[in-house]
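Please read the structure below before turning to the comments.
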Amino acid sequence: MKTRRTTLSGFSLVELAVTLAVAAVLVSLAAPNLDGFITNQRVRTAAYDLMGSIQYARSEAVKRRDDATVKPAGSGWADGWIVTDDAAETHANCLANGSDPNCLRLQMALSGVAISGANTISFLPSGRASAAATLTICDSASSAKVDKRVITLSLSGRPNLSLSGKCNE
């Protein structure tokens, strides 16, 4: 009777070591670009969050037939912001009383992001803005790798988000 010899197939230790070495080189080449990507995403997320809050305030002004305001929650926009139908509402009041009917939305502080521009954005019951405004969103380090985002609010009340060069410009 003949016996059949089977060979085991798989990776040898040398093949595995070479594969890991190639993977390590590729990861080390990609890592520096990952930092710029993460920072760019942080700025993009902050811009979309702020844009969403502005659109929400406008829709609430129309829905409630009352003024609605978006304003910084602290000393600046990077400290977060609140959407309220009471211009006197403060960040402390929104945090202390989470069920406050005047505090419509609360955005907590954002790390690594610098936002400059208008102090408040207010909407009339018609959905029109009480004043035109511009907000610029960048990373706090003003990196040359990061795209600057600009939210422009016209008197009609419609916000527009655009790219405007790099943050170091």
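The values are calculated or read from the model by the stated rules, or taken from the named source; none is laboratory data. These numbers come from a predicted model, not from an experiment. Surface areas here come from the heavy atoms of the whole protein model, side chains and all, with no ligands, DNA or RNA. Shrake-Rupley method; radii C 1.70, N 1.55, O 1.52, S 1.80 Å.
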Rounded to the nearest 10, the angle in degrees between the Cα long axis of helix 13-64 and the longest principal axis of the Cα atoms of the chain comes to 20
Taking only the alpha-carbon atoms of the chain, the convex hull volume per residue, in cubic angstrom, is 227
Computed over the chain, protein heavy atoms only, probe 1.4 angstrom, the accessible area per residue in square angstrom equals 62
Stretched fully, the stretch from residue 75 through residue 141 gains (0.36 nm per residue minus C-alpha distance, one decimal, in nm) 21.9 nm
Carbon and sulfur atoms account, in whole percent of the 1.4 Å probe accessible area of the chain, for 56
Residue span residue 126 to residue 21: 0.36 nm per residue of separation minus Cα-Cα distance leaves a gain in nm of 31.5 nm
If the chain between residue 12 and residue 86 were fully extended at 0.36 nm per residue, the gain over the current Cα-Cα distance would be 19.6 nm
Restricting to Cα pairs under 8 Å and 6 or more apart, the percent relative contact order of the chain works out to 20
